[in-house]
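To keep things clear, I will list the structure first and then write my remarks on it.
What follows is calculated from the coordinates using simple rules that are stated; it is not laboratory data. As the structure is a prediction and not an experimental result, all values here were calculated from the model. All Cβ positions, glycine included, derive from the backbone under ideal geometry; neighbour counts span all protein chains shown.
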There are 2 protein chains.
Amino acid sequence: MRRLYHLPFDALSRKVRILLAEKKLAFTCVHEPVWERRETFLALNPAGEVPVLVEPEGKPIWDDHAICEYLEEVYPEYNLLGTTPDQRAEVRRLVAWFDKKFAQEVTRNLVGEKITKRFIAGATPNSGAIRAGKQNVHYHLDYIGYLSDQRNWLAGENLSLADICAAAHISAVDYLGDIPWADHPGAQAWYARFKSRPSMRDILKDSVSGIPAARHYADLDF
Amino acid sequence: MRRLYHLPFDALSRKVRILLAEKKLAFTCVHEPVWERRETFLALNPAGEVPVLVEPEGKPIWDDHAICEYLEEVYPEYNLLGTTPDQRAEVRRLVAWFDKKFAQEVTRNLVGEKITKRFIAGATPNSGAIRAGKQNVHYHLDYIGYLSDQRNWLAGENLSLADICAAAHISAVDYLGDIPWADHPGAQAWYARFKSRPSMRDILKDSVSGIPAARHYADLDF
């Protein structure tokens with residue numbers, strides 16, 4: 001069976017989980033506490049980071065980007081990267097937008113401070129970073145609203161890895177109740193459409209001890 | 001003419017410059033001081049970051065990863081990503097190794113502190129970060145030595161984007177004289193082979209005012 005070493009609130013892991021589900025590929029999730037630096041895990045990925053995908057009888061694949069490109073190449077049936085080089089460049093541009101900019105300006109400041117730091121001995125959340133994350137998120141939600149106003153999905157006519165990637169980050173932040181949906185109806189309409197997909201079901205069941213999910217987290221009509 | 005917006009000591013920009021040269025694609029470089037946030041540049045890439053590739057009559061492409069994948073798709077003649085999904089996964093794994101781990105542990109601590117910070121008003125180099133960078137580089141050079149001992153090039157039999165990416169980071173650090181070659185003959189042998197390629201010629205001419213290049217920087221027999 002295909003295995004994915006992951007952390008439930010790691011956005012890059014979520015991206016791969018949603019992608020696997022969209023491609024209707026069966027897999028089991030292995031929760032990997034990377035901060036323990038387990039030797040058997042380091043043997044799979046010397047970089048010590050998740051996500052790592054292990055195909056049946058296959059070599060471990062890391063990082064998230066290599067996994068997504070691999071899955072697209074080997075299982076092209078449900079295309080999520082686009083059919084022309086220009087389309088794929090646009091999908092990959094938006095993936096970079098969320099995995100780099102959104103990650104740095106929002107996800108790290110909110111999920112990183114409030115959730116990830118719980119697992120690091122002696123670390124305390126930085127309130128300045130949390131404030132910055134809450135400010136920065138508005139601009140990104142505006143951008144999502146703008147894109148989904150111009151296009152059917154974020155990168156064009158069809159659902160793509162760009163939507164998956166955006167939903168991966170946003171769902172992790174939304175667990176904390178830190179997405180100000182009321183101010184961003186365009187982004188909310190896009191996320192409502194995405195959230196109702198079967199590929200999101202497992203994501204919406206995730207929880208972390210000591211931090212209850214925002215009340216609307218798993219609600220499809222939020 | 002194809003244009004690349006770049007910064008000379010940005011490793012991700014260097015990666016694209018070397019890739020373009022390996023693919024024998026003509027291009028002009030546009031030096032883009034991203035800290036000035038020029039409006040005409042933000043219109044090309046709202047993320048405000050380099051590298052950005054603009055193909056003749058084409059849309060701007062960002063980020064570095066999207067550019068490399070695009071060039072591989074559109075100009076496949078000189079293949080630098082591998083010919084099977086497994087090979088490409090290995091190339092992309094090593095690209096992630098250098099663009100994530102090496103970048104965070106070495107490039108940012110040395111090039112970021114000593115060069116990039118010169119352009120940010122009021123910023124001063126962090127001596128702790130510089131010390132950490134000088135420590136961390138040993139482990140990465142060992143890894144390069146290990147890989148090139150097992151294989152002809154870093155990712156396998158053929159030269160690939162993994163070598164290009166490693167050379168992009170290492171060349172930027174080497175400008176500062178911060179690669180301890182004497183302790184790492186395996187890595188040195190690999191870099192000596194790569195450095196003599198025509199694709200490195202422009203890289204070895206780069207300079208930054210106020211910081212002279214290490215004496216051996218452009219020397220092919222170092």
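Per-residue ellipticity at 222 nm for chain B, helices alone: DSSP H runs ≥ 4 residues times -39500 (n - 2.57), over residue total, nearest 500 deg cm²/dmol? Theoretical 222 nm ellipticity from helices: -13000 deg cm²/dmol.
Under the convention that each Lys and Arg Cβ holds +1 and each Asp and Glu Cβ holds -1, the size of the dipole of chain A around its Cα centre is about 460 debye. The fraction of all Cα pairs in the range A:85-205 landing in successive 10 Å bins from 0 to the largest distance is 13, 44, 32, 9, 1, given as whole percents. If I take all pairs of Cα atoms in the range B:121-167, what percentage of them are more than 14 Å from each other? The answer is 62 percent, as a whole percent.
Within 10 Å of each Cβ of B:115-127, how many other protein chain Cβ atoms are there on average?
Going residue by residue through B:115-127 and averaging, the value is 0.
Based on alpha-carbon atoms, the Kirkwood radius and the radius of gyration of the range B:1-78 give Rg/Rh equal to 0.94. Put simply, the amide H of B:Val30, placed in the peptide plane, has neighbours under 5 Å in B:Leu4, B:Tyr5, B:His6, leaving out anything fewer than 5 places away on its chain. For the range B:3-10, putting each phi into the Karplus relation 6.51 cos²θ - 1.76 cosθ + 1.60 with θ = phi - 60° gives couplings of 10, 10, 7, 8, 10, x, 9, 7 Hz, in residue order, rounded to whole numbers and with x for Gly and Pro. Assuming charge only on the beta carbon of Lys and Arg (+1) and of Asp and Glu (-1), the dipole of the range A:1-98 about its Cα centre is about 200 debye to the nearest 20. Across the range B:140-148, computed HN-Hα scalar couplings (Karplus, 6.51 cos²θ - 1.76 cosθ + 1.60, θ = phi - 60°) run 6, 5, 4, 5, 4, x, 4, 4, 7 Hz from first to last residue, x flagging Gly and Pro. Near A:Gly156, no amide H atom lies under 5 Å from its own; only residues 5 or more places off or on other chains count, and H is placed 1.01 Å from N. Our note on the geometry: Cα centres of the range B:108-126 and the range A:115-156, 27 Å apart.
For the segment B:72-83, counting C-beta atoms of other chains within 10 Å of every residue's C-beta and taking the mean gives 1.
Put the Cα centre of the range A:1-77 next to the Cα centre of the range B:45-80 and the gap is 26 Å. 3J(HN,Hα) along the range A:92-97, derived from phi through the Karplus expression 6.51 cos²θ - 1.76 cosθ + 1.60 where θ = phi - 60°, amounts to 5, 4, 6, 4, 5, 3 Hz, with x in place of Gly and Pro. Computed about the Cα centre, the dipole magnitude for the protein assembly as shown is approximately 760 debye when only Lys and Arg (+1) and Asp and Glu (-1) carry charge, each at its Cβ. State log₁₀ I(q)/I(0) for chain A at q = 0.08, 0.09, 0.10, 0.18 Å⁻¹ as given by the Debye formula over alpha-carbon point scatterers of equal weight, solvent excluded. Summing over Cα pairs of chain A leads to -0.27, -0.35, -0.43, -1.45.
Restricting the calculation to Cα atoms, every distinct pair contributes to the Kirkwood radius of the protein assembly as shown, found to be 22.8 Å. If R0 equals 41 Å, the separation of the Cβ atoms of A:Tyr139 and B:Ala182 corresponds to a calculated FRET efficiency of about 0.25. For the rotational copy relationship between A and B, the axis lies nearest to a chain A beta carbon, identified with its distance in whole angstrom as A:His65, 3.
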